[in-house]
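**Student:** Okay, handing you the structure first.
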Amino acid sequence: MPMQSETAARPAGPRPVQSGRAGGAGTTAGRYGPWRLLTLFLAFLVILVNPFLNYFFGINWLQGWYQSLGVGHLWFVSPLEGLESLLVTRSLYLPSLIGMAIPLLLAFLLGRVFCSWICPISFFAEIIERCRLPGSRRRGGRVRFGHHLIWFALVAELLLTMILGAPVFVVLSPPGLVGREIMMAVFSRRFALEGLFLVAVLAPELAGRRVFCRSFCPLGGLLALVGARRRMVVTLAPERCIECERCSQACPMALRPARGETLSVYCWNCGACVDACGPAALAFAWDGADPGSRAGVRFAYHFAQGRNEHAQEK
Ligand code: SF4
Ligand code: SF4
């Protein structure tokens, strides 16, 4: 998307306050939400149906879940679990490295989209959120922790793996646990005890938004790090923004898109802010098509940073 030039500053004077979702030309309202929910549902369906195909019908071209997922001869390995096995075994296992390549490339280009568009924990969180009262959906909800804690979670998890000499996240990965519990239920007619960890991960969603994903998921931290300079970003057209803050209220990661925080490492490209923005001031953009567009994105970021500082000074 072409970015705004430096002369595209908004006109002075009071801004109209939007009282409802705006329609009209250029609106993107509701464009991504239904697709995101459908994608999350289909991704969950894959790991739900897979054990039945394996066990009852002997169909094995699809195997595993979102820690290690096999489609035919192609295996996808979760980057954190792959990194853990590297640390524990201290050896390079080529199939594991190849399996990590596609998820890492996806994160490098698109950011944390596994978390926002595929992970079963996000699917459950979206269901819980849609069942909650509208007033409780705002910003981060009542239960909130700092974004930066995710780096502590990642470092702590890797240190623990090295100290114990055992892959901790292989056992306690929430998306992995969902797949493993379904597999155990089908194959053994019982659940694993560590499945209780899923309750602890999802319970805060009753009063907060993406509490675990935002501040405590080590896999999310690793994918955010890999996608820090992602090519796909949500960009801001400042002259269209009417400062209604609907994007901030929509953001499950408690970011402020109108202040340039879509470019931060914590944005997981869910598109909720794009949907919420009536005047279509926010849009997904491929930041890499040409050097000009990349410079434009950086300008938008610094513009928004300036606004942020200006707002704090006031
Ligand atoms: S970018 Fe955010 S604050 Fe600006 S118009 Fe869109 S929803 Fe409102
Ligand atoms: S800034 Fe927008 S795209 Fe990024 S996490 Fe928030 S709502 Fe999703």
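The values are calculated or read from the model by the stated rules, or taken from the named source; none is laboratory data. This structure is a prediction, so every number in the text was calculated from the model and none was measured. Methodologically, a virtual Cβ is constructed for each residue, glycine included, from the backbone with ideal geometry; neighbour enumeration extends over all protein chains shown.
**Student:** Since Arg240 meets every condition but one in (1) more than 12 Å from ligand 2 (Cβ to nearest atom); (2) under 23 Å from Glu129 (Cβ atoms); (3) among the basic types (Lys, Arg), which condition does it not meet?
**Tutor:** Of (1) more than 12 Å from ligand 2 (Cβ to nearest atom); (2) under 23 Å from Glu129 (Cβ atoms); (3) among the basic types (Lys, Arg), only one is false for Arg240: (2).
**Student:** I would also like to ask the following. One residue is enough: does segment 50-58 have a residue meeting the conditions in a loop (DSSP other than H, G, I, E, B) and surrounded by 17 or more Cβ atoms within 10 Å (Cβ to Cβ)?
**Tutor:** No, segment 50-58 contains no residue that is in a loop (DSSP other than H, G, I, E, B) and surrounded by 17 or more Cβ atoms within 10 Å (Cβ to Cβ).
**Student:** Here's something else I'd like to know. Kindly indicate whether Leu92 is at pLDDT 85 or above and either surrounded by fewer than 21 Cβ atoms within 10 Å (Cβ to Cβ) or part of a loop (DSSP other than H, G, I, E, B) (or both).
**Tutor:** No: the conditions fail for Leu92.
**Student:** Taking segment 232-287 only, how many residues are more than 9 Å from ligand 1 (Cβ to nearest atom) and in a loop (DSSP other than H, G, I, E, B)?
**Tutor:** 15
**Student:** Taking segment 254-268, which residues are more than 6 Å from ligand 2 (Cβ to nearest atom) and not charged (D, E, K, R)?
**Tutor:** Across segment 254-268, the qualifying residues are Ala254, Ala258, Gly260, Leu263, Ser264, Val265, Tyr266.
**Student:** State yes or no: is Arg214 within 16 Å of ligand 2 (Cβ to nearest atom), farther than 21 Å from Phe152 by Cα and in contact (Cβ under 8 Å) with a residue 24 or more places away in the chain?
**Tutor:** Against the criterion (within 16 Å of ligand 2 (Cβ to nearest atom), farther than 21 Å from Phe152 by Cα and in contact (Cβ under 8 Å) with a residue 24 or more places away in the chain), Arg214 does not qualify.
**Student:** What tally of residues in segment 163-189 results from selecting those that are among the small types (Gly, Ala, Ser), on the phi < 0 side of the Ramachandran plot and surrounded by fewer than 18 Cβ atoms within 10 Å (Cβ to Cβ)?
**Tutor:** Total satisfying the criteria: 3.
**Student:** Still on this structure, I have one more. Looking at Ser248 and the list (1) surrounded by fewer than 24 Cβ atoms within 10 Å (Cβ to Cβ); (2) away from ligand 2 (no atom under 11 Å from the Cβ), which single condition is not satisfied?
**Tutor:** Every listed condition holds for Ser248 apart from (2).
**Student:** Out of all the residues in segment 222-231, which are small (Gly, Ala, Ser) and either buried (at least 24 other Cβ atoms within 10 Å of the Cβ) or near ligand 1 (Cβ under 10 Å from one of its atoms) (or both)?
**Tutor:** Scanning segment 222-231 gives Ala224, Gly227.
**Student:** Mind listing whichever residues of segment 64-89 are outside any helix (DSSP H, G or I), touching a residue at least 60 places away in the same chain (Cβ under 8 Å) and out of contact with any helix residue (DSSP H, G or I) (no Cβ under 6 Å at 6 or more places or on another chain)?
**Tutor:** Gly64, Ser78
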